[in-house]
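**Student:** Have a look at the structure that comes next, please.
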Amino acid sequence: MATTTNTKARTYISWLTISFMMVAAVASIRSLPAMAVYGLGSIMLFLIPAVLFFIPVALVASELGTGWNGGIYGWVKQAYGDRLGFFAIWFLWIEVVVWYPSVLGFAASTLAYMFNPKLANNGLFTCIVIIVFYWASTFLAMRGMDTLAKFTKWFMLLGTALPALALVILGIIWLVMGNPSAAPLSWSALIPSVFHEHAHVITSHRLHESSLQVFIGSVAGLVLIVSNFLAFAGIEMNAIHARDLKNPEREMPKAIFLACIMIILIFIPPTIAISLVVPADSTSLTAGVIQAYAAFFDAFHITWITPIMGALLIIGALGGVLSWTAGPSKGLLFVGKSGMFPLALQKVNKNGVQSNILILQAILVTLLSTIYIFVDNVSDAFWMISAMAALMYLTIYIFMFMSAMKLRKTQPHVKRGFVLKGLHFWCFLGLASTIVAIFFGFIPPSQFSDMPLFEYIGILVAGLIVTGAPPFIFYAVRKPSWIVTPKSEYEQYSAPLQDLQDDGDTTTPPAAPPATSAPASTTK
């Protein structure tokens, strides 16, 4: 038996396959309207986080993912222990929960534009649509991952890839036909004027009273870059597959470089296409994409296509939600069974799905969606939720970079499938970029309403404290009766991959639990 197992041929995947998996996990057109207000300047604002954030994350995660099981949970646990490991997986889960109302807010605004554009700014309508869509996704997730996978693949192709390509084609046709552009197309427009007081014509007020206020107003123009950091997040989910490359040291950098190019191409051309037809002073953060389609199709006298494209965008948003509904929560279940969660939250249904966690998740999304009712402007509510999700995800990345440096020192004996040269340089670059992004994340963008600065910061800080406290509370009050998984089993969730297979065994090591993973076709 042993001889048969050990002689089994190892199956490798190509670096092109991993590159496309990375693109599928990251690329999305939902966040493009926020950058469309910059026109050609958006090119630089996409390139900055790509170089300073995306590449360091991908490289560092590749070393961690090919050394230890369990994703971000396993990495942080190995470096800093059970408590912070639990916090990392909890914060990833709750970040996704906070993210749901923003992506479904996009779907709600798109739906509104298909029937009554005025509803796009109606908070009650947005809230109701989010609740209906999310509970429907939850009930579908209850049927198991096989059902989700069937929907997710086609939802992503129809709702993300096709609409992005259509935007680029429409933009090219628009220019070839000699139509005017709503955004400047000069060489000087390539430099985003974020430090100019008139950089954002949709600013609801101007600050002239003092040099400090001018500075604050200028910095506010940079805040939207934070949304781009979140747009590039998620690459670490596919880093574990670097171990399946025949030559990870040489092929993984190639995969990352190609993925970076493809993601940038998915982000930048459609963003510029939006800026061609939607003036910056009327760009909606939630409905900007469908606004662009409507403008294109109205000009080409084919308005009947607008509802069809809107339906595809909604399908894409739902596909993203579906693919993330079960993944992080199932990872939380794995960790919870090691004694971190009460038995009530460990319950699974007949399909093996973590039913009570999904119901809790849906209740939290329902409560969060009411922000669209209580905040006067839908775009303001959308931004606050997006900023909160970005701050959470960026916090997780700080732990990732710190864990990578500590594990290089404390566990040098662990065999990595990919060993990153200059690890500390990439970690410090990623840390510096992440910390700067977190700083900007606490400043409202110039598009924001008249909410006082300290009130805005206070809401975000309170949100981070409230969402980050539960894992420490659960850890403090945990009981032996909560442990339902043998220690030998749950220790594998974070074990070095070399310890999960016998020496000389060429079979693929056990896959990481879905603690920080989602299907390869997900977008966020």
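**Student:** Quickly work out the Leu190-to-Leu265 label distance, labels modelled 7 Å from Cα along the C-beta direction, and quote it in nm with one decimal.
**Tutor:** Modelled inter-label distance: 1.9 nm.
**Student:** Determine ³J(HN,Hα), in whole Hz, for all residues of the range 61-68 in sequence, where each value follows from phi through the Karplus function 6.51 cos²θ - 1.76 cosθ + 1.60 and θ = phi - 60°; x replaces Gly and Pro.
**Tutor:** 5, 5, 5, 5, x, 9, x, 9
**Student:** A further question on this structure: Give Lys246/Lys415; Lys77/Lys347; Lys347/Lys415; Lys337/Lys421 a once-over and call out the pairs whose C-alpha atoms are over 27 Å from each other. Please report the intermediate quantities before stating the final value.
**Tutor:** On the way: Lys246/Lys415 15 Å; Lys77/Lys347 24 Å; Lys347/Lys415 36 Å; Lys337/Lys421 37 Å.
Too far apart for the 27 Å limit: Lys347/Lys415; Lys337/Lys421.
**Student:** I want to check the label-to-label distance for Lys421 and Ser14. Put each point 7 Å from Cα in the C-beta direction and report it in nm to one decimal.
**Tutor:** 2.6 nm
**Student:** Can you give me the distance in nm between label points at Tyr475 and Lys246, each placed 7 Å from the Cα along the Cα-to-Cβ direction?
**Tutor:** Distance between the two pseudo-spin positions: 4.4 nm.
**Student:** Follow-up. Given H placed on each backbone N at 1.01 Å, which residues far from Trp68 in sequence or on other chains put an amide H within less than 5 Å of it?
**Tutor:** For Trp68, whose amide H was placed from the backbone, the distant partners under 5 Å are Leu497.
**Student:** Largest first, what is the accessible-area ranking of Ile13, Ile264 with a 1.4 Å probe?
**Tutor:** Ile13, Ile264
**Student:** Please list, in order along the range 76-93, the HN-Hα scalar couplings obtained from phi with the Karplus expression 6.51 cos²θ - 1.76 cosθ + 1.60 (θ = phi - 60°), rounded to whole Hz, x for Gly and Pro.
**Tutor:** These are the phi-based 3J(HN,Hα) values: 5, 4, 4, 7, 10, x, 4, 4, 6, x, 4, 4, 4, 6, 4, 5, 5, 5 Hz.
**Student:** If you don't mind, another one. Could you pull the accessible area for Phe425 with a 1.4 Å probe, rounded to 10 Å²?
**Tutor:** 130 Å²
**Student:** Given the Cα-Cα distance of Leu157 and Ile459 and 0.36 nm per residue of separation, how much length would full extension add, in nm?
**Tutor:** Stretched out fully, the Leu157 to Ile459 stretch lengthens by 105.1 nm.
**Student:** If you add up the charges near Gly331, with Lys and Arg at +1 and Asp and Glu at -1, over every other residue whose beta carbon is less than 14 angstrom from its beta carbon, what do you get? Write out the running numbers ahead of the final one.
**Tutor:** On the way: positive: Lys77, Lys330, Lys337; negative: Glu95, Glu236.
Within the 14 Å Cβ shell, the charges total +1.
**Student:** How much accessible surface area, in Å² rounded to 10, belongs to the heavy atoms of Ser181 with a 1.4 Å probe?
**Tutor:** Here the residue's solvent-accessible area equals roughly 40 Å².
**Student:** What FRET efficiency comes out for Ile435 versus Leu364 if R0 is 30 angstrom and r is the Cβ-Cβ distance? Round to the nearest 0.05.
**Tutor:** Values: r = 28 Å, r/R0 = 0.93.
E(calc), rounded to 0.05, equals 0.60.
**Student:** Under the definition of Cα pairs under 8 Å and six or more residues apart, what whole-number percent is the relative contact order of the range 1-144?
**Tutor:** Taking the mean separation of contacting Cα pairs over the length of the range 1-144, I get 10 percent.
**Student:** Between Lys347 and residues 5 or more places away or on another chain, which pairs have amide H atoms under 5 Å apart, with H built 1.01 Å from N, and which residues are they?
**Tutor:** Asn356
**Student:** So, one more: Calculate one ³J(HN,Hα) per residue across the range 414-430 by plugging θ = phi - 60° into the Karplus curve 6.51 cos²θ - 1.76 cosθ + 1.60, and present them in order as whole Hz with x for glycine and proline.
**Tutor:** 3J(HN,Hα) across the range 414-430, in whole Hz: 5, 7, 8, x, 9, 9, 7, 6, x, 3, 5, 4, 5, 5, 5, 5, x.
**Student:** Using the Cβ atoms and a cut-off under 15 Å, what net charge is assigned to the surroundings of Tyr475, where Lys and Arg are +1 and Asp and Glu are -1?
**Tutor:** Working: positive: Lys77, Arg83, Lys337, Arg478, Lys479; negative: Asp82.
Net local charge, Tyr475 excluded: +4.
**Student:** At a 1.4 Å probe radius, which order do Tyr100, Tyr490 fall into by accessible area, largest first?
**Tutor:** Tyr490, Tyr100
The values are calculated or read from the model by the stated rules, or taken from the named source; none is laboratory data. Note that the coordinates shown come from a computational prediction; the quantities given were computed from them, not determined experimentally. Reconstructed Cβ throughout: ideal geometry from the backbone, glycine too, with neighbour counts over all protein chains shown. Just the protein is used for accessible areas: all its heavy atoms, side chains included, with ligands, DNA and RNA removed. Shrake-Rupley method; radii C 1.70, N 1.55, O 1.52, S 1.80 Å.
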